[in-house]
1. Looking at (1) under 16 Å from ASP82 (Cβ atoms); (2) not in a strand (DSSP E or B), which is the one condition that is false for MET62?
2. What is the residue count in the stretch 69-109 for residues that are within 23 Å of ALA154 (Cβ to Cβ) and among the β-branched types (Val, Ile, Thr)?
3. Kindly indicate whether SER208 is within 21 Å of LEU157 (Cβ to Cβ), under 45 Å from the mean Cα position of the chain (by Cα) and surrounded by 12 or more Cβ atoms within 10 Å (Cβ to Cβ).
4. Mind counting the residues in the stretch 94-113 that are within 15 Å of the chain's Cα centre (by Cα), among the small types (Gly, Ala, Ser) and over 12 Å from VAL61 (Cβ atoms)?
5. Go through ILE155, ILE164 for me and flag whichever is in contact with a Lys or Arg (Cβ under 9 Å, 6 or more places away or on another chain), at pLDDT 85 or above and of a type in the set (A, V, I, L, M).
6. Name every residue in the stretch 74-93 that is in a helix (DSSP H, G or I) and either hydroxyl-bearing (Ser, Thr, Tyr) or under 17 Å from the mean Cα position of the chain (by Cα) (or both), in order of residue number.
7. Of the residues VAL87, VAL61, VAL1, which is in contact with a strand residue (DSSP E or B) (Cβ under 8 Å, 6 or more places away or on another chain), among the aliphatic types (A, V, I, L, M), at pLDDT 90 or above and surrounded by fewer than 18 Cβ atoms within 10 Å (Cβ to Cβ)?
8. Kindly indicate which of ALA39, ALA27, ALA75, ALA34 is in contact with a strand residue (DSSP E or B) (Cβ under 8 Å, 6 or more places away or on another chain), without any contact (Cβ under 8 Å) to a residue 40 or more places away in the chain and exposed (fewer than 13 other Cβ atoms within 10 Å of the Cβ).
Amino acid sequence: VQNIDLSDFDNHISAWEQEAKTVVIVAADKMPVALFAIADQEKPHARQAVRSLLERGLKVVMITGDNSNTARAMAKKLGIKDFEAEVLPDEKLKLVKQYQKEGYKVAFVGDGVNDAPAITASDLGIAVGIGTDIAMEAGQIVLVGGGPEKVLEAIDLAKQTHKIIIQNLFWAFIYNIIGIPIAAIGLLNPMIASAAMAFSSVSVVLNSLRLKKK
């Protein structure tokens with residue numbers, strides 16, 4: 001802190017920061033009068049969620065406004081190797097664009113007003129349901145309830161949805177490729193064609209309903 005002598009408190013500050021706590025200093029007349037250590041509570045299942053994401057080959061980066069020591073300690077607790085510390089609100093957006101330029105598809109998870117621009121710019125914006133309205137409006141996905149493990153569930157659901165869409169399109173194309181030429185040359189009874197069309201539609205719906213089991 002500029003122009004404030006904290007030499008008598010260096011050990012305390014360092015110890016708190018190593019515990020992933022943010023130190024708040026109260027000073028009067030350039031003299032420290034009180035120190036507070038504030039810590040974010042680690043979300044349940046956070047470490048397991050990070051581990052699962054890494055096991056799937058995804059790059060996990062923690063972005064925070066905390067100082068480097070606090071950020072490093074928290075990242076270590078969560079098993080995250082890559083982190084960005086002392087990041088200002090507008091710099092979050094720059095980091096998202098930087099990773100995109102490097103060829104990454106970026107999913108950004110946030111809950112605050114400051115996260116909204118980064119959520120909007122990311123390839124997949126995920127807003128936490130307990131966050132601000134602005135963040136939730138910016139997100140493509142809003143996680144309602146639960147903790148970090150919901151991020152993994154959302155990614156799995158998105159992948160499964162994409163897979164089922166491809167399957168539905170495949171069978172629709174097959175039906176049309178086979179059915180239309182046969183009907184055009186008069187080899188397919190109109191009643192049978194109607195029944196086949198209905199069956200095709202029902203099969204698509206039934207295949208899509210498999211998502212409800214996920």
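The values are calculated or read from the model by the stated rules, or taken from the named source; none is laboratory data. As the structure is a prediction and not an experimental result, all values here were calculated from the model. For neighbour counting, all protein chains shown are included, and Cβ atoms are generated from backbone atoms with ideal geometry for every residue, glycine included.
1. All conditions pass for MET62, except number (2).
2. Final tally of qualifying residues: 4.
3. Judged against the criteria, SER208 is a match.
4. Total satisfying the criteria: 2.
5. Criteria check complete, one pass: ILE164.
6. Quick first cut of the stretch 74-93, residues in a helix (DSSP H, G or I) only: 74-78, 89-93.
Result: ALA75, LEU78, LYS92, LEU93.
7. VAL61
8. Details: ALA39 fails: exposed (fewer than 13 other Cβ atoms within 10 Å of the Cβ); ALA27 fails: exposed (fewer than 13 other Cβ atoms within 10 Å of the Cβ); ALA75 fails: exposed (fewer than 13 other Cβ atoms within 10 Å of the Cβ).
Unique residue meeting the criteria: ALA34.
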